[in-house]
1. Those residues that are within 21 Å of residue 309 (Cα to Cα) and surrounded by 14 or more Cβ atoms within 10 Å (Cβ to Cβ), I need them from the range 334-359; list them, please.
2. Across the range 42-69, which residue is modelled with the lowest pLDDT among those that are crowded, with 18+ Cβ neighbours inside 10 Å and in a loop (DSSP other than H, G, I, E, B)?
3. Based on what the data block shows, is residue 161 more than 19 Å from residue 33 (Cα to Cα), out of contact with any strand residue (DSSP E or B) (no Cβ under 8 Å at 6 or more places or on another chain) and either at pLDDT 95 or above or in a loop (DSSP other than H, G, I, E, B) (or both)?
4. Can you say whether residue 190 is in contact (Cβ under 8 Å) with a residue 40 or more places away in the chain, closer than 30 Å to residue 264 by Cα and surrounded by 22 or more Cβ atoms within 10 Å (Cβ to Cβ), as far as the supplied structure shows?
5. Would you check which residues across the range 297-312 are at positive phi and modelled with pLDDT of 95 or more and list them?
6. Could you say which residue among 80, 21, 28 is surrounded by fewer than 17 Cβ atoms within 10 Å (Cβ to Cβ) and within 24 Å of the chain's Cα centre (by Cα)?
7. Output the number of the condition that residue 234 fails; it satisfies all remaining conditions of (1) surrounded by 18 or more Cβ atoms within 10 Å (Cβ to Cβ); (2) not in a loop (DSSP other than H, G, I, E, B).
8. Could you tell me whether any residue of the range 316-334 is over 27 Å from residue 85 (Cα atoms) and not assigned by TED's automatic domain parsing to the domain that holds residue 216?
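The values are calculated or read from the model by the stated rules, or taken from the named source; none is laboratory data. Predicted model, so just to flag it, every value in this text is computed and none were measured. Cβ coordinates were reconstructed from backbone atoms using ideal geometry, including for glycine residues, and neighbour counts include every protein chain displayed.
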Amino acid sequence: MEKEIKELTCKTILVSVDQYPLNFLIFPHRLTANAYLGCQHSCSYCYAKWYCKKDEIRVKINAPEILKGELQKRIDKDKPKEPVCFGSISDPYQPIERKYQLTRKMLEVCDKLSYPVFIVTKSDLAVRDKDVLSSLANRNLAAVNFTITPVEAKLLRKMEPYAPANQKRLEAIRALTQAGIPCNLYLSPIFPILSDNLLNYYIKRAAESGANCCSAIFLKIRPVIWNGVKQFLQSNTRLLIKELDSLVIQGKPPDLVAKYEELYFKTGSKDLSGYRLPELSYRRKTMESIAETCKQNEMCFTAEEFIDLWTIPFSDCICINGWNAPTIFDILEFTTCQDSKNVSKEAVIEYVKKHFALEPSWERLMNKYWDKVAGFLDEK
């Protein structure tokens with residue numbers, strides 16, 4: 001679908017997402033910068049559709065200049081150098097980047113300021129910038145997380161019509177890692193049933209390509225997302241049956257819409273941001289299997305839940321020079337070392353303040369979200 005391109009100038013580009021409970025609890029890095037609003041990839045399950053109209057892309061043409069000013073202010077104020085994420089709500093390497101080159105220019109800003117940065121993308125266009133990324137990586141200041149959607153190739157072309165194929169993403173991982181740039185695998189979103197037989201395959205392929213870590217995330221549903229997913233499942237029934245013989249049970253294909261409604265709306269639960277997730281035991285079993293496959297392929301594993309399965313403290317896989325916020329992983333490490341089963345909020349706050357350089361808002365947010373922290377600890 002052709003999208004209207006709207007150029008605009010922005011007054012600010014850096015956004016901290018630590019105010020949201022899930023982000024506060026599991027994200028070690030919460031600073032984001034998005035030069036584009038809206039995305040040409042047009043994924044059927046997109047969670048960021050509401051940031052602008054579906055038929056337009058907004059381009060912040062002065063993003064590099066604003067980023068330079070805001071990062072310099074943070075440096076001047078002696079704030080911790082927290083890695084900046086490019087790609088939190090739209091792909092920084094969507095096709096329009098070939099024209100505007102805003103992502104490249106923003107990387108050049110980070111390079112000149114020696115500011116840590118990481119990228120989340122589905123595009124092999126990232127290889128274009130391996131010179132700048134290599135310069136940053138030489139100081140351990142950059143990493144690239146490639147999202148690979150674990151579904152069959154023909155289905156993927158329908159699901160993500162304008163995004164590069166998974167094979168292109170794997171080739172990009174290899175090209176960048178060979179240039180000394182750390183890359184990781186975002187195995188996301190995991191589609192129940194559709195992804196089940198492909199998870200191990202893509203972990204192994206990513207490991208062979210040089211990826212260091214895998215972060216696995218299930219498809220998360222809200223009404224606007226479910227509308228897109230439901231439409232996809234209903235309009236691609238024949239292709240689903242043809243591509244996925246394993247779905248045929250006793251000669252009949254399952255009703256995937258009904259199955260998803262059962263997994264998500266009848267037996268599923270919500271995460272701390274209000275997204276619906278599939279049934280808990282199914283999620284747990286899947287993540288245990290993924291964690292084991294990662295271990296077999298010498299990859300780190302992380303996720304957005306099941307902290308006891310993590311083998312790295314960072315849910316975003318990012319382990320580069322720079323400040324990181326304490327997360328539920330760090331809190332869990334502390335509480336499991338205590339004699340008492342019921343560690344107080346005050347003890348946790350005292351421990352974190354002693355071992356981490358904190359943003360001024362951290363203690364206030366910990367007090368606000370303590371009940372949710374306790375819930376995570378109880379699930380351990």
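1. Passing the criteria: 334, 335.
2. Residue satisfying both the conditions and the ranking: 52.
3. yes
4. yes
5. Here is the first cut: in the range 297-312, the residues at positive phi are 298, 306.
Across the range 297-312, the qualifying residue is only 298.
6. Within the list 80, 21, 28, the selection yields 80.
7. Every condition holds for residue 234 apart from (1).
8. The answer is yes, given that some residue of the range 316-334 is over 27 Å from residue 85 (Cα atoms) and not assigned by TED's automatic domain parsing to the domain that holds residue 216.
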